[in-house]
Amino acid sequence: MVKKWFATNKMTFTFILLGLVIFLFIIVPLIRMVVTSEPNTLLVTLFDAEVRQAIWLSLYAALIATGAGFVLGVPLAYLLARHEFPGKKIIEGLIDVPIVIPHTAAGIALLFVFGRNFFAGRVFHVMGIDFVDSTAGIVVAMLFVSIPFLIDSAKEGFKKVDVRLEKVARTLGASPWQTFFRVSFPLAWRSIVAGSIMMWARGISEFGAVIILAYHPMIAPTLIFERFESYGLAYSQPVAVLLILLCLFVFVVLRTLVHRGEKA
Amino acid sequence: MIRIRNLCVKLADFVLHDVNLDVKPGEYFIILGPTGAGKTVLLESIAGLYQLKGGQIWLGGKEVTRLEPEKRGISIVYQDQALFPHLSVKDNITFGLKLRRKSKQEIEQTLDWLVELLGISHLLHRKPDTLSGGEKQKVALARALSTKPQLLLLDEPLSALDPENREGVQRELRRLHNQVKVTTVHVTHDFEEAIALGDRIAVIGDGCIQQVGTSEQIFRQPNSEFVARFAMVRNIFAGEVVGGNGENAVFCTEGAKLAVVTDLRGKYHASIRPEDILISHAPFPSSARNCFCGSITSIADKGSTLYLTVTLPPDFTCLVTRNSFDAMGLAEGQKVYITFKASAVHIF
C-alpha cells in the first residue's frame, strides 16, 4: 500500500523539507532566468550569427571530444572492469583527477603538453594541428575534463555483465573480439550511452580549461562570459537562456531514446 | 575421450592439484564434491576458460592444453544458465551456429532438431528473463548442444531449480544423454543426484580427486574418511520398485522389501535419512509402514548423537541422541526394531 504523504514519520518529513530546499536552489535560478527573458530578444539573439556559431561550435567540439573519448575510453573501461592488476586502484584514481582539479589549472597543464614547447605539441604542429586558439584546443580541453564520466559509466556497465556470459560465448565459438562485440558491448551499451551523454553535456558546459587554450574561436560559455563582462547581465542572459534550453532539449531527447531502448 | 593428467589450478585461497581423470566416450561422468571444492574451476579449466598452473588435457586423442576455448568444441551449461539476456531464445540457441557461418538451412535444421528434442518450440521468441528456471535450463542445454560439442560440461545444473522441477529436469538430463550420447561431465554437491545420473563418479575434495568409481563402489567402498562422510551418513540402497499405484509401491533390495511412495517403476535407488528411523525394543503399532527387526552391529559415538548400524541385512544407519541411547540401554549385539514411514524413503 502506498503511504499518504502526510502520514509519513518525522524523519521523512524533515528529509523532504531539506530536499525541497536544495531542489528549489537548483531549479529557481534557471526558471527565473528563462521566464524573465524577453521572447523578442531571444529571437533576435537566435538570429545573431555570432551566437549561433558559438553554440554550434560548443555542440560540435563536445561531440568530437565524446567521439574520441568513446574510441579511447571504452576499451580502457573494459580492461578496468575485467582485470585485476597491481596499480589498478591508482589508475582508477588518476582517471578521476580531471573532475577534482580546478579547470583553469587543467587548461594550463594541457598547454604544457599541447603547446609548442613540448614534443607532442610540436609533432601535432608538423601535422598541421595547433591547439592554441583553435577548435582542436577546445576539443582537447573538453576531452580532458569530461572523459572520466564516460570511462566510469562504461566501467560500471561492463562490470554488470556476467563474466559467465562471455565464457559461454567463447565455448560456443566466439573469438575474444566477437565476444566483446556480440555480448559485452551490447549488454553494457546503455551505460556507455549514458556515460557518453554525460560526457557530451559536461563538454558543452566546460569553460575554464577551454579559455586557457582557446579564447577564440568562442564557444557559447565564452561568449556568455564575454557579453557579461563587456555589456552586462541583460546582454548575456539571452545567450545563456538559449544554451540552457538547447542543452535541456537535447538531454531530454537523448534520455528518452535511451529509456525507450530499455523498455523495448 | 577426455584425459586429464596432473592438472593444477590455483584458486584465490587454495590449490587444486594432481587432478587425473579419464572420461570415456559417451559416458555420463559426475564430479561430486562439497561447495567450494573448486568444481566450477575444474570445469572451466577443461573448457579452457581458466589459466592452468600445470598439467595436460587431451580431448579425443588431441592435446588441447593451450588451445583457445572457442576451438575446443566443448560446451558448458552454468548453474544460473547464463543465457544472453539481450537475445531471444532462438538467437541464444543459434548464437554458436551463426558464429560458425552455417547456412540458413543448416541453422534451421539444427534448431528444429533441438526444439523438438527439448520441447521448447513455444519459447523461441521469448526473452530469457521471462522464462522459468526449468525452461531456462532447457534453453541453455539446447544452446550448448547446438554446436554438436565433443564434450558437454554441466555446472550444478539442478541446484538452482526448486525441488519440484529438479526431479523432472534430472530425468530430462538422463533421457537427453541416452538420446544424444554426448560425453558429459556434470559437477554437483548432491550425492543422490550423482548416483541417479552418473555412469561413474569422481569425488573431489581437499584440493584433489579422492576416489573414482561407479556409484556402487563409491557408496559401498569409500576409500577415505572424506568420501565416507559424503556417502555413509545416508542409507542408500540399489534395487527395483514394483507394485501397484502410488502408495502400494514396494522397493525390493537385497534382503528387504520397503514400502515406498512413488510413481516411478523399475531400477532405482532408495535413500532414508538416519534421523528418520525410530529404534525400539519391541514392534509397536503406528502409521509407519516399515518395521524391521535387526541387531546393532556397530556404534559410532559423535558426542551428543550416535550413529548405530542395524543389520537386517542390509545395514541401516540410524541416528539416536545420547539421551535416548542411555535411556534405552542400547549396546552392540542387541536385537532392536527399526521403524520408518514409507514417505521417508526417497526414490531416485
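Take B:GLN170 and decide whether it is surrounded by fewer than 22 Cβ atoms within 10 Å (Cβ to Cβ), closer than 14 Å to B:SER75 by Cβ and not charged (D, E, K, R). No; evaluated as a whole, the condition is false for this residue. What is the one condition in (1) modelled with pLDDT of 85 or more; (2) on the phi < 0 side of the Ramachandran plot that B:GLU192 does not satisfy? Against the list (1) modelled with pLDDT of 85 or more; (2) on the phi < 0 side of the Ramachandran plot, B:GLU192 comes up short only on (1).
Which residues, taken from segment B:86-105, are facing chain A (nearest Cβ under 7 Å) and over 16 Å from B:LYS136 (Cβ atoms)? Listed by number, the residues that qualify are B:GLY96, B:LEU99, B:ARG100.
Within segment B:59-85, the set of residues being more than 23 Å from B:PRO157 (Cβ to Cβ), facing chain A (nearest Cβ under 10 Å) and either surrounded by 16 or more Cβ atoms within 10 Å (Cβ to Cβ) or of a type in the set (Ser, Thr, Tyr) (or both) is empty. Mind checking whether some residue in segment A:113-130 is within 17 Å of the chain's Cα centre (by Cα), within 20 Å of A:ILE219 (Cβ to Cβ) and part of a helix (DSSP H, G or I)? Checked segment A:113-130: no residue is within 17 Å of the chain's Cα centre (by Cα), within 20 Å of A:ILE219 (Cβ to Cβ) and part of a helix (DSSP H, G or I).
For (1) assigned by TED's automatic domain parsing to the domain that holds B:ALA194; (2) among the hydrophobic types (A, V, I, L, M, F, W, C); (3) outside any strand (DSSP E or B), each residue gets a yes or a no:
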| position | (1), (2), (3) |
| --- | --- |
| B:CYS252 | no, yes, no |
| B:ILE279 | no, yes, no |
| B:PRO285 | no, no, yes |
| B:SER298 | no, no, no |
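Where strands (runs of 3 or more DSSP E) fall wholly inside segment B:156-226, no range has 1 or more residues that are touching a residue at least 40 places away in the same chain (Cβ under 8 Å), more than 21 Å from B:ASN20 (Cβ to Cβ) and touching a Gly at 6+ places or on another chain (Cβ under 6 Å).
Counting just the residues of segment B:284-307 that are under 13 Å from B:PHE325 (Cα atoms) and free of Cβ contacts under 8 Å to residues at least 12 places away in the same chain, which one comes out most open to solvent (accessible area, probe 1.4 Å)? Looking at residues that are under 13 Å from B:PHE325 (Cα atoms) and free of Cβ contacts under 8 Å to residues at least 12 places away in the same chain, I get B:LYS302. Tell me, which residue of segment A:175-193 that is farther than 19 Å from A:VAL258 by Cα and open to solvent by less than 70 Å² (accessible area, probe 1.4 Å) is farthest from the other protein chains (Cβ to nearest Cβ)? Filtering segment A:175-193 for residues that are farther than 19 Å from A:VAL258 by Cα and open to solvent by less than 70 Å² (accessible area, probe 1.4 Å), the one farthest from the other protein chains (Cβ to nearest Cβ) comes out as A:PHE180. In the condition set (1) surrounded by fewer than 19 Cβ atoms within 10 Å (Cβ to Cβ); (2) at pLDDT below 90; (3) assigned to a helix (DSSP H, G or I), B:PHE230 is compliant with all but (1). Filtered by the rule that a residue be among the aliphatic types (A, V, I, L, M), open to solvent by less than 10 Å² (accessible area, probe 1.4 Å) and within 13 Å of chain A (Cβ to nearest Cβ), segment B:41-58 gives B:LEU43, B:ILE46, B:ALA47.
Restricting segment A:194-243 to residues that are over 30 Å from A:GLY157 (Cα atoms) and outside any helix (DSSP H, G or I) leaves a set whose member that is most open to solvent (accessible area, probe 1.4 Å) is A:HIS216. Only one of the listed residues (A:MET142, A:MET198) is more than 14 Å from every other protein chain (Cβ to nearest Cβ), closer than 22 Å to A:GLY107 by Cα and in contact with an Asp or Glu (Cβ under 7 Å, 6 or more places away or on another chain). That residue is A:MET142.
Of the residues making up segment A:84-102, just one is touching a residue at least 12 places away in the same chain (Cβ under 8 Å) and farther than 18 Å from A:GLY69 by Cα, namely A:PRO102.
Each row is one residue, and each column tells you yes or no for (1) closer than 17 Å to B:PHE237 by Cβ; (2) modelled with pLDDT of 85 or more.
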| position | (1), (2) |
| --- | --- |
| B:ASP263 | no, no |
| B:GLY266 | yes, no |
| B:LEU278 | no, yes |
| B:CYS293 | no, yes |
| B:LYS302 | no, no |
| B:MET328 | no, yes |
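Would you confirm whether any residue within segment B:128-145 is among the polar types (S, T, N, Q), surrounded by 22 or more Cβ atoms within 10 Å (Cβ to Cβ) and more than 13 Å from chain A (Cβ to nearest Cβ)? Scanning segment B:128-145, I find at least one residue that is among the polar types (S, T, N, Q), surrounded by 22 or more Cβ atoms within 10 Å (Cβ to Cβ) and more than 13 Å from chain A (Cβ to nearest Cβ), so the answer is yes. With respect to the stated conditions, B:LEU123 is more than 26 Å from the chain's Cα centre (by Cα), closer than 25 Å to B:ASN178 by Cβ and more than 10 Å from chain A (Cβ to nearest Cβ). Within segment A:145-174, the set of residues being of a type outside the set (Val, Ile, Thr), more than 11 Å from every other protein chain (Cβ to nearest Cβ) and open to solvent by 10 Å² or more (accessible area, probe 1.4 Å) comprises A:PHE149, A:ASP152, A:SER153, A:LYS155, A:GLU156, A:LYS159.
The values are calculated or read from the model by the stated rules, or taken from the named source; none is laboratory data. Model, not experiment: these values are computed from the prediction. No Cβ is skipped: glycine too gets one built from the backbone with ideal geometry, and neighbour counts run over all protein chains shown. Keep in mind that these areas ignore ligands, DNA and RNA; they rest on the heavy atoms of the full protein, side chains included. Shrake-Rupley method; radii C 1.70, N 1.55, O 1.52, S 1.80 Å.
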